[in-house]
Amino acid sequence: MIHLHATCISIGGMGILIRGASGSGKSDLALRLIDLGAELVSDDYCEITAENAKLMAAAPATIAGKLEIRGFGIVRLPHIEKVAVGLIVDLCKGHEIERLPETTTAVIENTAVPLLKLDPFTASAAHKVRMAVHALAAGARHT
């Protein structure tokens, strides 16, 4: 098991691992996705394991069910114990994102997972994540 500085939510049973530096918008993006129907897995740190060729994410016991809302505080939310990660979202500045990127993956614990680079503070950020999840669930990243 490894510990990653990341937030994880679940959309339709697919885990989305949101990676970024402290203050980069991980919890903010997770909050917007939860407001759209996603479920919390873990905020800020995740326990990651590889099981049966899948990357699994869970919350450390000390933070399970807690989400930090900057400027408001820590809130308790229902959460999922463990989820298979189907998408990794790396947070970055808008100018660092290619307009039409090639399909890429990130490898964690010898497991490749589709990767999306995203500026979390754009108005469409949460919708882009949901679009990527729906495309992956349908079997294709994009056309």
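Whether any residue in the range 108-127 is surrounded by 13 or more Cβ atoms within 10 Å (Cβ to Cβ), modelled with pLDDT of 95 or more, part of a loop (DSSP other than H, G, I, E, B) and of a type in the set (Gly, Ala, Ser) is what I want to check.
no
Residues that are modelled with pLDDT of 95 or more, closer than 17 Å to Ile108 by Cα, among the aliphatic types (A, V, I, L, M) and buried (at least 16 other Cβ atoms within 10 Å of the Cβ): does the range 6-13 have at least one?
Yes, the range 6-13 contains a residue that is modelled with pLDDT of 95 or more, closer than 17 Å to Ile108 by Cα, among the aliphatic types (A, V, I, L, M) and buried (at least 16 other Cβ atoms within 10 Å of the Cβ).
Hey, Thr103 hits all of (1) under 22 Å from Ala135 (Cα atoms); (2) modelled with pLDDT of 95 or more; (3) touching a Lys or Arg at 6+ places or on another chain (Cβ under 8 Å); (4) among the hydroxyl-bearing types (Ser, Thr, Tyr) but one; which does it fall short on?
(2)
Among strands (runs of 3 or more DSSP E) lying entirely in the range 15-102, which contain 1 or more residues that are surrounded by 18 or more Cβ atoms within 10 Å (Cβ to Cβ), touching a residue at least 24 places away in the same chain (Cβ under 8 Å) and on the phi < 0 side of the Ramachandran plot?
Here the list reads 39-42, 45-51, 54-58, 66-69, 82-91.
The values are calculated or read from the model by the stated rules, or taken from the named source; none is laboratory data. Predicted model, so just to flag it, every value in this text is computed and none were measured. All Cβ positions, glycine included, derive from the backbone under ideal geometry; neighbour counts span all protein chains shown.
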